[in-house]
1. Which ranges mark the strands (runs of 3 or more DSSP E) fully within segment A:105-219 that have 2 or more residues being more than 23 Å from A:R69 (Cα to Cα) and in the same structural domain as A:T94 (by TED's automatic domain parsing)?
2. Any residue at all in segment B:171-192 that's touching a Lys or Arg at 6+ places or on another chain (Cβ under 9 Å), touching a residue at least 60 places away in the same chain (Cβ under 8 Å) and closer than 25 Å to B:D31 by Cβ?
3. Among residues belonging to segment B:115-138 that are farther than 29 Å from B:T180 by Cβ and among the charged types (D, E, K, R), point out the one that is surrounded by the most Cβ atoms within 10 Å (Cβ to Cβ).
4. Residue under question is A:Y304, and the condition is that it be surrounded by fewer than 18 Cβ atoms within 10 Å (Cβ to Cβ), part of a helix (DSSP H, G or I) and aromatic (F, W, Y); does it hold?
5. Pull up segment A:134-165, narrow it to residues that are touching a residue at least 60 places away in the same chain (Cβ under 8 Å) and not hydrophobic (A, V, I, L, M, F, W, C), then point me to the one that is surrounded by the most Cβ atoms within 10 Å (Cβ to Cβ).
6. So which pairs qualify, if the first residue must be in segment B:83-99 and farther than 13 Å from A:K289 by Cα and more than 7 Å from chain A (Cβ to nearest Cβ), the second must be of a type in the set (A, V, I, L, M, F, W, C) and assigned to a strand (DSSP E or B), the Cβ gap must be under 9 Å, and the two must be at least 6 apart or on different chains?
7. State the number of residues belonging to segment A:14-35 that are under 15 Å from A:L325 (Cα atoms) and surrounded by fewer than 22 Cβ atoms within 10 Å (Cβ to Cβ).
8. Every residue in segment A:359-379 that is within 14 Å of another protein chain (Cβ to nearest Cβ) and surrounded by fewer than 22 Cβ atoms within 10 Å (Cβ to Cβ), please.
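The values are calculated or read from the model by the stated rules, or taken from the named source; none is laboratory data. Because the structure is predicted, anything quoted here is derived from the model rather than measured. Using ideal geometry, Cβ is built from the backbone for each residue, glycine included, and neighbour counts are taken over all protein chains shown.
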Amino acid sequence: MLSLKIAVRFLRSGKTQTTLIVLGMAIAVSIQVFVGLLLDSLQKSLVNETIGSSPQVTITSATDIGTIRDWGAMVETIEGLGYARALSVEASATAFVRDGNADLPVLLRGFNFENADAIYSISGRIYEGRRQESRREVLVGRELREELETDVGDRLAVFTPDGSVTIFTISGFYDLGVASINKTWIITDLRTAQQIFGFDRRITSIEMTVDDVFQADVIAHRIEQVLHDEDITVENWKEQNEDLLGALDGQQTSSTVIQVVIILSVVIAIASVLAISVLQKSRQIGILKAMGIKDRSASLIFIYQGLLIGLVGSVAGITLGLGLLYAFSTFTADPDGTALINLYVEFDFILRSWLVAVLASMLAGLIPARKSLRLNPIDVIREG
Amino acid sequence: MANVVELRDVDKIYRGVVDTQVLFGINLSFDEGSFSAIVGESGSGKSTLLNIIGTLDKASKGEVSIAGNTTNYLSKDQLAELRNRTIGFVFQFHYLLPEFTAMENVLMPHLIGGKDPARSIAERADDLFDILGIARVKNNPANKMSGGEQQRTAIARALINNPKVVLADEPTGNLDSGNTATIYRIFREINEKYGTTFLIVTHDRRIAEETDRIIEIKDGRIVVDIKK
């Protein structure tokens, strides 16, 4: 405890020096936290926007007929594995709608609305009307609506490739944020799609989302192994988005490099300031050693100084970093108040940053601590 | 009376480009409770001798024994403990820690020994402040005192652990004659009251005359050793 007490007094005696180094540490940590959280948020937003509201693992038929028969057992098995956050089965096939004299190709997607909603968040994206409730109702996307110039309650004739026609009532319009989807998907329920396309009880795919999207490939592989069925194909979003993944990887690496360089520079700064303080305090250390303080306790004084600077500097830095992040999100928000980037403040990341900063600062104390070991009281006393 | 300090055939050689021998075959012993002066010109080796006795420096040859411990075979930590328990240092400069008050400085050797400041040690510190006549400034920061007060505080610090030996190297070198006389009077009082052994290095013959034994060093050898 004596070492800690002396460390505190040493820091307090050089108020300007201590303030500057703590401030330096705080600024470094704040930038590290700011950059780390910002890039992390950016990445999460990007992933979320790209794949957040779409299935991350998809099981389709590998057979020529394109449908899956024993899907009930498959769903049970997959749910048993515990990976699925949301799971939906669907029966979809291409069809046509008539716009004047032209035929527009569409994808009639039939699924259980609640299950699919958990993946696509459809209900939140219906901008007019309501979800389909009866077997003869459908939801139409924004772009298709504009093309067809229809309204809620209008009739819509859907032609299947075999020539049959089904008349639906439009219950509402959705906007999933992707023009190609809005233009082609017509949403109905599972049984209706199965009947129209003559699938009987069969489906065309099983779609699911998972908790950790970056584990989607591993999970897909595991599902493939467990189902062990040559008639199906298991795909995951990572296979289909390699460019995005590459970009995310690059971003992650640059973020890590920036953070490491920042922490490294602050470690060097603290180490050099403490190394100077060994020289400044050599008289004190010398007399303490003459009075019988052991080398270990004398070194601890400098490690404690590093620790104290680290504790105060990192807490101040994290507070400042969060403040910066808040200011950034406030000042860059659109006039209507929507943030440019959705901020995800990861408590784990902050805790990790704090620990790294404190440890690094303590580590910085090791250099002067070693230096103090070599300090011989006789040299100090001889020099006067 | 038992020897509290004993040196046998002690040489000291400073190794360098040219080796310099500063002590030659020193044989010396000091009785417990004795009050002695080591005198000599500057560069004679008297301070080196004191530093070797204080275990701050190592003899190149020979044996040094302090309070029954042969220091040649002790580790750095054991030497530190020995210094803490049995030796009090007073240097020409006070070496007080400016970050602490006079009282905290005085208690420092006690805290280094790993003991909490108990009531008895606080009383002892108060006694020392009274004996040294600096009770008034005991709560002053160490750098907010006069030179005389600082040196007296350093003496109180040397005495707090009730050491067997006090090693004083030109303890009044920076003080005026009034302060000098007072400090030697106090050394005597403590020597008589607690039986503490005093070894005082000085180049001032008049001060040496006041002690019970004068050892004169010249060119690293003892040339005079008079006991009164």
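1. The qualifying strands (runs of 3 or more DSSP E) are A:126-129, A:137-141, A:155-159, A:165-174, A:185-188.
2. Residues of segment B:171-192 that are touching a Lys or Arg at 6+ places or on another chain (Cβ under 9 Å), as a first pass: B:179, B:182-183, B:186.
If we keep only those that are touching a residue at least 60 places away in the same chain (Cβ under 8 Å) too, we end up with none.
No; the residues of segment B:171-192 include none that is touching a Lys or Arg at 6+ places or on another chain (Cβ under 9 Å), touching a residue at least 60 places away in the same chain (Cβ under 8 Å) and closer than 25 Å to B:D31 by Cβ.
3. Filtering first and then ranking leaves B:K115.
4. Spelling it out, it is not the case that A:Y304 is surrounded by fewer than 18 Cβ atoms within 10 Å (Cβ to Cβ), part of a helix (DSSP H, G or I) and aromatic (F, W, Y).
5. Restricting to residues being touching a residue at least 60 places away in the same chain (Cβ under 8 Å) and not hydrophobic (A, V, I, L, M, F, W, C), the top hit is A:T160.
6. B:T86/B:V4; B:T86/B:I66; B:T86/B:V165; B:V90/B:V166; B:V90/B:L167; B:V90/B:A168; B:V90/B:I200
7. Within segment A:14-35, residues that are under 15 Å from A:L325 (Cα atoms) and surrounded by fewer than 22 Cβ atoms within 10 Å (Cβ to Cβ) number 4.
8. Within segment A:359-379, A:L373, A:R374, A:L375, A:N376, A:I378, A:D379 meet the criteria.
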